[in-house]
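The structure appears below as structure tokens.
The values are calculated or read from the model by the stated rules, or taken from the named source; none is laboratory data. Owing to the predicted nature of the structure, the values given are computational and were not obtained by experimental measurement. Cβ placement follows ideal geometry from the backbone for every residue including glycine, while neighbour counts extend to all protein chains displayed. For the accessible areas, the whole protein counts, side chains as well, though only heavy atoms, and no ligand, DNA or RNA atoms are used. Shrake-Rupley method; radii C 1.70, N 1.55, O 1.52, S 1.80 Å.
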Amino acid sequence: MRRRHVLGAGLAIAVAGMAGSAMAQSEIKIGEINSYSLLPAFTEPYRKGWQLAVEEVNAAGGINGKKLVVISKDDGGKPADAQTAANELVSSENVAMLAGTFLSNIGLAVSDFANQKKVFFLAAEPLTDAITWSKGNRYTFRLRPSNYMQAAMLVEEAAKLPAKRWATIAPNYEYGQSAVAVFKKLMSEKRPDIQWVDEQWPPQGKIDAGPVVQAVAAANPEAILNVTFGADLVKLVREGNTRGLFKGRSVVSFLTGEPEYLDPLKDETPEGWIVTGYPWYDIKTPDHDKFLKAYQAKSNDYPRLGSIVGYQTIKAAAAILAKANSTDPEKLIAATEGLSMPSPFGEITFRKIDHQSTLGAYVGKTALKDGKGVMVNSVYRKGADYLPSDAEVEKLRPK
């Protein structure tokens, strides 16, 4: 009796194990990492975006019949914590790929982990050019238009300004340093007559706006490049408005037209800044209409740029997994290089040469409407039109 009981228990455990194994085989897991606690203005809409994409993918039959599951972790804005999260997702959760990240230094940390461990990584948001060029690797792909791409879009407009004396304000970490460097390079190539008269490098998230504004005003520039965002941007705008920094000066600004950064400015929004952003209220295309209706129905809110990034990250991941029909990293890489797919902004392609997607951005000007900031005269710029030649990329990216 005792032996039969033991055999029965053993059989039950074996069956449970087989069921667990079958369950595992019936789903595909993606490990997602982001700075949820540090940057909720961007990451909460981003999370709503990827949750909508997961629902849509599974409602349409999943990944070749397997359910898509996203396991998400918060990196708290710390590169070391992001690498720890990546390690847990790969070793304990057996995810098929890693995705996400926001800050450029964190994106680079996870990219380095992916390269060392030979794990596929789809970087969602980090904008530093290093992630696909100087520190690019076989296992990392990037969705959003890079600093180079956004700088090239802004320079196209900035070069038309008569201003010759320029100052820059940017957060003192990888993203800000990369954005300023590439903007200055591209701008000076188009306008050799301009001078760079001042640089301000406040710490990310800790700007002391008074002294920054005072220092820029003392340099007496005719135009300003701004790379600050979030709470730093609000403080800079408030202090700049109070001290008259922007009067009679042109301002060119990365990201400021994105609702997550423009909306908090409310009636303090400065008018006429040349910005990249996301005027969701003015985009009239079938692809975007479809996304907008689905997003508003699910979240009862309007989308931010983060919503687009989160949504398209998972849509891209699903397309990659479906084409590869495998979770083998080498097969995922082969499936992604040159892969085209729809997005709310139209068709995009992941380039084979540098693993950068051709997702573009909207460029326009800031304006005040009914007491809040909006983007006006905005035009969509396709990412593919603002990338350097293959010959240049080969010099920038290690073999």
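Residues Leu245, Leu233: which one is closer than 18 Å to Tyr173 by Cβ and either buried (at least 17 other Cβ atoms within 10 Å of the Cβ) or out of contact with any helix residue (DSSP H, G or I) (no Cβ under 9 Å at 6 or more places or on another chain) (or both)?
From the options Leu245, Leu233, the qualifying one is Leu233.
Output the number of residues of the stretch 245-275 satisfying the condition of being in contact (Cβ under 8 Å) with a residue 12 or more places away in the chain and either small (Gly, Ala, Ser) or part of a helix (DSSP H, G or I) (or both).
Qualifying residue count, the stretch 245-275: 14.
Filter the strands (runs of 3 or more DSSP E) completely within the stretch 121-187 down to those with at least 1 residues that are open to solvent by 10 Å² or more (accessible area, probe 1.4 Å).
On the way: elements: 121-123, 140-142, 165-169.
Filter on the stretch 121-187 gives 165-169.
Kindly check whether there is at least one residue in the stretch 280-297 that is within 18 Å of Leu154 (Cβ to Cβ) and out of contact with any Phe, Trp or Tyr (no Cβ under 8 Å at 6 or more places or on another chain).
no
Test of understanding: among Ser253, Ser188, which residue is under 23 Å from Tyr386 (Cα atoms), under 20 Å from the mean Cα position of the chain (by Cα) and not aromatic (Phe, Trp, Tyr)?
Ser253
Here is a list of conditions, (1) in contact with a Gly (Cβ under 9 Å, 6 or more places away or on another chain); (2) in a helix (DSSP H, G or I); (3) more than 26 Å from Gly49 (Cα to Cα), and Gly240 meets all of them except one; can you say which number that is?
(1)
Of all the residues that make up the stretch 185-208, how many are touching a strand residue (DSSP E or B) at 6+ places or on another chain (Cβ under 6 Å) and not β-branched (Val, Ile, Thr)?
Adding up the residues that qualify gives 5.
Which of the residues that make up the stretch 191-220 are of a type in the set (S, T, N, Q) and under 29 Å from the mean Cα position of the chain (by Cα)?
Across the stretch 191-220, the qualifying residues are Gln200, Gln204.
Which of (1) part of a helix (DSSP H, G or I); (2) more than 24 Å from Lys185 (Cβ to Cβ) does Ala384 not meet, given it meets every other one?
(2)
If we keep just the residues of the stretch 315-355 that are more than 21 Å from Lys135 (Cβ to Cβ) and part of a strand (DSSP E or B), which is most open to solvent (accessible area, probe 1.4 Å)?
Within the stretch 315-355, the match that is most open to solvent (accessible area, probe 1.4 Å) is Ser340.
Would you check which residues across the stretch 27-42 are surrounded by 23 or more Cβ atoms within 10 Å (Cβ to Cβ) and among the hydroxyl-bearing types (Ser, Thr, Tyr) and list them?
Ser35
Can you find a residue that is charged (D, E, K, R), within 20 Å of Phe42 (Cβ to Cβ) and surrounded by fewer than 19 Cβ atoms within 10 Å (Cβ to Cβ) anywhere in the stretch 195-208?
Yes, some residue in the stretch 195-208 is charged (D, E, K, R), within 20 Å of Phe42 (Cβ to Cβ) and surrounded by fewer than 19 Cβ atoms within 10 Å (Cβ to Cβ).
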